[in-house]
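Okay, structure first, notes after.
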Number of protein chains: 2
Amino acid sequence: MEKLESYFKQLVEHKEPANLYNPIYYTLSQGGKRIRPRLVFLSTELFGGDIEKAVYPAAAFEMLHNFTLIHDDIMDRAPLRRGRPTVYKEWNTSTAILAGDALATMAIKEILETPADSRTVIELSRLLAETSVEICEGQQKDLDFETADSVTIEDFLKMIRYKTAVMLAGCLKAGAILSHTSETNQLAVYNYGIHIGLAFQLKDDLLDVYADHAEFGKAIGGDIQDNKKTYLFLRALQDGTPEQQKELLYYFSGESFDAQKKFNAVTAIYEQLQIKSKTELLIEEYVQKSLSELDKITIDDSQKKEIFKQLAIELSSRKK
Amino acid sequence: MEKLESYFKQLVEHKEPANLYNPIYYTLSQGGKRIRPRLVFLSTELFGGDIEKAVYPAAAFEMLHNFTLIHDDIMDRAPLRRGRPTVYKEWNTSTAILAGDALATMAIKEILETPADSRTVIELSRLLAETSVEICEGQQKDLDFETADSVTIEDFLKMIRYKTAVMLAGCLKAGAILSHTSETNQLAVYNYGIHIGLAFQLKDDLLDVYADHAEFGKAIGGDIQDNKKTYLFLRALQDGTPEQQKELLYYFSGESFDAQKKFNAVTAIYEQLQIKSKTELLIEEYVQKSLSELDKITIDDSQKKEIFKQLAIELSSRKK
């Protein structure tokens, strides 16, 4: 992982124009959890591939991720990211658009440099490009939901699949491709990633309402405040009585309310409809599905799968 | 070329979400001169490559070009393109950002599908990605110029090289790579492209001031009106007396002026300094350089170079 950090540094050092490469480095150097490169490395280890070579797809997927953050922050008008001003706030919208554009293409350049045979390089590059298009599709769906009259739970799950899960799955598949494992294994680890991705996003939405404030470290109830159509909201809307539906739609209508009053009213309906446990149940379902995908993977030392089991369980039981 | 049109259609047909793929098709189907795919085809013919295969890089470069148009129009706040509302005007900024993002990646996906050996596919993909990063660099430089106190002619020529010329050169090189011609030929046709690209852009700036209105088909003097730092302006600033410099800077200061009065005053200085003929001379220099690059190309039937000579001469003598 340290290799990755120095990697990002040399990628932009002394590059011109500064107004393009400074925001790129600003974003890449903020770190975050580096979940995506970790998944590339974990998967490469699982299938016995070469970790040195994995630095290229690992860097590429992290760059792709950061490109989506820069552009999403423009669309969401988000002022802060990881405690610092977002790129479009620190610079301006044009620079943020361009920095994202350059970063997306630099990710492709990066993966094309993977020191592997040509067929593998092409497969990895296709995976990255495919993933990138799907993420754009997911983000557009998400934007569509903001103004849509009604969103089905099926639509919602498809949206988070594209917006969040395909990237995690793609990282895992990249490690599998690099390690020349079987197509069955590639598919299984990809599907494992899809399911932990879905569980991860649902857990995020759950914590936004039900986290312990002290442990969570950020404000509770932001999604309710912003009228975000999360699984919790859509499930309540689906399961609610006509009165409950009406009340929910009233609070999510865009009118202004006292934040605490709105939070209390919405969570009261959630409580009546047992939305918390219903969401936990769905998360558990996805975790189980991810574990059964793990079972399909054939490797010599099946002990190596343990860390992936742990990961699935941790994601679903985390408190922040 | 017709193949290309049906190609773009099937690329987006029945794809979801519509709010992502409609703006993409809206842009791709507007046509324009299709200069970039034409250059890929011309170069492939020059070096005896397979035209059928060239459809892939041709489509990819046209998609890359259209991605840059969609994003540039946001940055330039341009309301119209090819006589129709720009994507961010017809939809909104978020959709325009995403449509551009998706199109850029679809271009990479496209070129990765070129039916050629793996090494060629990788080389083509690297070329496309490299070109895309350079175009971002050029666009950022252009944005930097808007607020820069002083811009040297050297900076300006570097900017248009990246913003405009590398794409044309890249198209020509793509045909050369696909045809497996020598590296010397690849480099020569690339450099030919750089020089005609520079000539093309300078001619554009010249026509914006000196075109015959009836033939040109659009308003004259837009660059002067918008205080654009073109070659004409920068050269006048370089060659002018302190008084002329002061007057130019006064008219380009961002204050509002009567458009006709401003145009007359600025072009009067251009006339005193012979800016028109100085610009024509530089264009002619680039045309000559492009022709001498052509001389470096070794092919069996050197008659095939004729069309490239014609092209260089036409670009510099065009009236619109």
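Key figures for this structure:
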{"read-out": "The stretch B:1-57, subset among the small types (G, A, S) and in contact (Cβ under 8 Å) with a residue 60 or more places away in the chain, residue nearest to B:D301 (Cα to Cα)", "value": "B:G48"}
{"read-out": "Extreme residue, nearest to B:E154 (Cα to Cα), among residues of the stretch B:202-247 that are β-branched (V, I, T) and surrounded by 18 or more Cβ atoms within 10 Å (Cβ to Cβ)", "value": "B:T230"}
{"read-out": "Qualifying position, being more than 14 Å from every other protein chain (Cβ to nearest Cβ) and either of a type outside the set (G, A, S) or assigned to a helix (DSSP H, G or I) (or both), among B:V189, B:V151, B:V166", "value": "B:V189"}
{"read-out": "Criterion violated by B:V133 - all others in (1) within 11 Å of chain A (Cβ to nearest Cβ); (2) surrounded by fewer than 20 Cβ atoms within 10 Å (Cβ to Cβ) satisfied", "value": "(2)"}
{"read-out": "Total residues in the stretch A:1-37, condition over 18 Å from the mean Cα position of the chain (by Cα) and in a loop (DSSP other than H, G, I, E, B)", "value": "7"}
{"read-out": "Within the stretch B:75-87, considering residues that are under 18 Å from the mean Cα position of the chain (by Cα) and in a strand (DSSP E or B), the one nearest to the other protein chains (Cβ to nearest Cβ)", "value": "B:R81"}
{"read-out": "Selected residue (criterion: surrounded by the most Cβ atoms within 10 Å (Cβ to Cβ)) from residues of the stretch A:88-98 that are out of contact with any Pro (no Cβ under 8 Å at 6 or more places or on another chain) and in a helix (DSSP H, G or I)", "value": "A:L98"}
{"read-out": "Failed criterion for A:F263 (all others in (1) under 21 Å from A:L168 (Cα atoms); (2) buried (at least 17 other Cβ atoms within 10 Å of the Cβ) hold)", "value": "(1)"}
{"read-out": "Residues (more than 10 Å from chain A (Cβ to nearest Cβ) and either crowded, with 21+ Cβ neighbours inside 10 Å or small (G, A, S) (or both)) located in the stretch B:115-126", "value": "B:A116, B:L124"}
{"read-out": "Long-range neighbours under 7 Å by Cβ, at least six apart or interchain, first residue in contact (Cβ under 8 Å) with a residue 12 or more places away in the chain within the stretch B:141-162, second of a type in the set (D, E) and outside any loop (DSSP other than H, G, I, E, B)", "value": "B:M159/B:D142; B:Y162/B:E134; B:Y162/B:E137"}
{"read-out": "Residue ranges of helices (runs of 4 or more DSSP H) in the stretch A:205-320 with at least 1 members under 20 Å from the mean Cα position of the chain (by Cα) and free of Cβ contacts under 8 Å to residues at least 12 places away in the same chain", "value": "A:275-295, A:306-317"}
{"read-out": "Test: residue in the stretch A:38-49 that is among the hydrophobic types (A, V, I, L, M, F, W, C), under 27 Å from A:Q310 (Cα atoms) and part of a loop (DSSP other than H, G, I, E, B)", "value": "yes"}
{"read-out": "Matching residues in the stretch B:79-94 - criterion: being at pLDDT 95 or above, in contact with a helix residue (DSSP H, G or I) (Cβ under 6 Å, 6 or more places away or on another chain) and not β-branched (V, I, T)", "value": "B:Y88, B:W91, B:S94"}
{"read-out": "The listed residue being out of contact with any Ser or Thr (no Cβ under 6 Å at 6 or more places or on another chain), buried (at least 19 other Cβ atoms within 10 Å of the Cβ), over 23 Å from B:E134 (Cβ atoms) and facing chain B (nearest Cβ under 9 Å), out of A:K173, A:K141, A:K109", "value": "A:K141"}
{"read-out": "Qualifying residue in the stretch B:60-69 (condition: modelled with pLDDT of 95 or more, within 9 Å of chain A (Cβ to nearest Cβ) and within 20 Å of the chain's Cα centre (by Cα))", "value": "yes"}
{"read-out": "Qualifying residue in the stretch B:4-13 (condition: modelled with pLDDT under 95 and hydroxyl-bearing (S, T, Y))", "value": "yes"}
{"read-out": "Selection count, the stretch B:169-186, where residues are touching a residue at least 24 places away in the same chain (Cβ under 8 Å) and part of a helix (DSSP H, G or I)", "value": "12"}
{"read-out": "Only listed residue being out of contact with any helix residue (DSSP H, G or I) (no Cβ under 7 Å at 6 or more places or on another chain) and within 18 Å of B:T164 (Cα to Cα), chosen from B:D76, B:D117", "value": "B:D76"}
{"read-out": "Options A:D72, A:D101; residue that is closer than 27 Å to B:A99 by Cβ, in a helix (DSSP H, G or I), under 17 Å from the mean Cα position of the chain (by Cα) and within 11 Å of chain B (Cβ to nearest Cβ)", "value": "A:D72"}
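Residue-by-condition table, conditions (1) crowded, with 24+ Cβ neighbours inside 10 Å; (2) of a type in the set (A, V, I, L, M, F, W, C):
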position: A:K15; (1), (2): no, no
position: A:A18; (1), (2): no, yes
position: A:Q30; (1), (2): no, no
position: A:L42; (1), (2): no, yes
position: A:K53; (1), (2): no, no
position: A:H71; (1), (2): yes, no
position: A:T86; (1), (2): no, no
position: A:G100; (1), (2): yes, no
position: A:A104; (1), (2): yes, yes
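Here is a yes/no grid of residues against (1) β-branched (V, I, T); (2) over 20 Å from A:K3 (Cα atoms):
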residue: A:I24; (1), (2): yes, no
residue: A:G31; (1), (2): no, no
residue: A:G49; (1), (2): no, no
residue: A:A59; (1), (2): no, no
residue: A:I74; (1), (2): yes, yes
residue: A:K89; (1), (2): no, yes
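The values are calculated or read from the model by the stated rules, or taken from the named source; none is laboratory data. Because the structure is predicted, anything quoted here is derived from the model rather than measured. All Cβ positions, even for glycine, are placed from backbone atoms using ideal geometry, and neighbour counts span all protein chains on display.
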